[in-house]
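Contents: one structure, followed by commentary.
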Amino acid sequence: IESAPTNKKQLKYHAPVSRAVRNEELFFECKAGRVTFIDLPSFMQEYKTTVDAVSIELRSKWRVERVTAPVGPYRLRYVVEREKSVLDAGGAPASGSFRYGLSAWEVEPITPDRGETGPQALAAKSQFRQLTDALDSRLTVVTFWVYPDSFELFRELRDHLYERGHDVAGRPLTPDAPIAASKHGTASRGQ
């Protein structure tokens with residue numbers, strides 16, 4: 001028995017050291033065993049086109065909510081808020097100049113069956129591969145928003161990206177949690 005070859009499986013683990021993401025991020029949702037690209041840059045471009053109209057509304061309001069047009073299987077709900085100053089002690093916003101900015105956003109799925117399975121995503125001409133193969137790993141971090149039913153898929157995609165030198169951030173979610181961010185939230189942490 002001692003001279004028989006052993007059946008060994010090599011496990012690779014990356015050091016559990018991470019850093020806050022300061023680079024550009026490419027977002028994907030992992031849900032129901034499928035991975036789907038979230039085109040946040042397109043949503044942010046639409047947000048920028050509404051800034052002038054929103055600023056006019058903010059002259060008399062503290063916050064304005066908007067929803068973008070669909071991009072792929074999602075749309076984006078976002079909130080723009082005025083910053084309060086010492087002159088804003090009362091209930092109504094003070095007239096005059098003010099500062100404002102995007103304070104929160106939430107991705108809303110509009111297509112229930114979306115994305116690629118693990119084997120589809122790792123195929124040579126998949127949407128996932130077309131997006132991630134073109135990345136410069138020094139400039140972009142890939143962030144996955146991961147639901148409990150898709151941790152295995154996340155690990156498979158993460159390992160694929162690690163082998164290519166990419167930093168990856170995973171943001172675990174509860175089953176009913178939306179993909180969302182706010183100015184009071186936390187930054188993704190890439191490894």
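Structure summary
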quantity: Qualifying residues in segment 123-140 (those that are over 27 Å from Thr174 (Cβ atoms), open to solvent by less than 50 Å² (accessible area, probe 1.4 Å) and hydrophobic (A, V, I, L, M, F, W, C)) - the one modelled with the highest pLDDT; calculated: Ala123
quantity: Residues within segment 123-141 that are charged (D, E, K, R) and either in a loop (DSSP other than H, G, I, E, B) or in contact with a Pro (Cβ under 7 Å, 6 or more places away or on another chain) (or both), tallied; calculated: 3
quantity: Within segment 64-111, tally of residues that are surrounded by 14 or more Cβ atoms within 10 Å (Cβ to Cβ), basic (Lys, Arg) and at pLDDT below 90; calculated: 1
quantity: Unmet criterion (only one of (1) modelled with pLDDT under 95; (2) over 14 Å from Ile38 (Cβ atoms); (3) open to solvent by less than 50 Å² (accessible area, probe 1.4 Å)) for Thr143; calculated: (2)
quantity: Scan of segment 13-39 for residues that are among the polar types (S, T, N, Q) and modelled with pLDDT of 85 or more, ordered by number; calculated: Thr36
quantity: Residue that is of a type outside the set (Lys, Arg) and more than 15 Å from the chain's Cα centre (by Cα), where the choices are Thr49, Thr140; calculated: Thr49
quantity: Unique residue being exposed (fewer than 13 other Cβ atoms within 10 Å of the Cβ) and modelled with pLDDT of 70 or more when the list is Ser42, Ser60; calculated: Ser60
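The values are calculated or read from the model by the stated rules, or taken from the named source; none is laboratory data. Every value quoted in this text rests on a predicted model; they were computed, and no experiment measured them. Neighbour counts run over all protein chains shown; Cβ positions are idealised from the backbone, glycine included. Ligands, DNA and RNA are excluded from the accessible area calculation, which covers all protein heavy atoms including side chains. Shrake-Rupley method; radii C 1.70, N 1.55, O 1.52, S 1.80 Å.
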